[in-house]
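Report on the following structure.
Values in this text are rule-based calculations from the coordinates and carry no lab data. Remember, predicted model here, so these are calculated numbers, not experimental data. Cβ sites come from the backbone with ideal geometry, for glycine too, and all protein chains shown count toward neighbours.
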Amino acid sequence: MTKTGLIPATAALTALLGACDRGPAPPEKTVQQLMAQEVQPTADIYWKSVQYISDETGEHDIFPKTDEEWARVKAAATRLGEHGALLQTPGYAEGRGEDWIQFSKSLVEVSNLAEQAAAEKSTDKVFEVGGTIYQVCSGCHQVYPPAAG
């Protein structure tokens, strides 16, 4: 390599190493934004996929009927797990306690169960796991109220 080729290469390496010293980039969204724009709507897709409703018009069983509908439920479960993993990253976990990490890991674990329930096309399991997802979310919100994010 010539001296003229060495200077740009050295400058590029220096810039790259300098970026490493800054640590991870901050998340694109705040916790509140992530929860409101991503986690809650995704959980709602899962929760609303299987329902037993009794109203003035009678009793109604709501559940996925096509492969496409089941795939949507499974995709929501997968996204919940991805959100749980994201919540464990330094940008979201920094300044929070170990319980934050445990809640996030629990979301990942229950999302795996949710994926399996959807893959099996089991309305009973989807309904049951939906309750567990709700418990994980509610437990976290007790310690980290949404407004405090």
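Summary table
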read-out	value
Net charge dipole size for region 21-149 [Lys, Arg +1 and Asp, Glu -1 on Cβ; Debye, nearest 20]	360
Theoretical gain in end-to-end length, ALA75 to GLU38 [0.36 nm per residue, Cα-Cα removed]	12.0 nm
Distance in nm between pseudo-label sites at SER122 and ALA25 (7 Å out along the Cβ direction from Cα)	4.1
Label-reachable residues, region 119-135, where backbone N falls under 16 Å from a point 7 Å from GLU59's Cα toward its Cβ	124
Equivalent ellipsoid semi-axes - Cα gyration tensor, region 37-97, angstrom	32, 15, 6
Kirkwood hydrodynamic radius of region 104-149, from inverse mean 1/r over distinct Cα pairs, in Å	11.1
Where labels lie 7 Å past Cα in the beta-carbon direction, separation of ALA85 and ASN112 in nm	1.2
Alpha carbon centroid spacing (whole Å) that separates region 53-90 from region 104-119	11
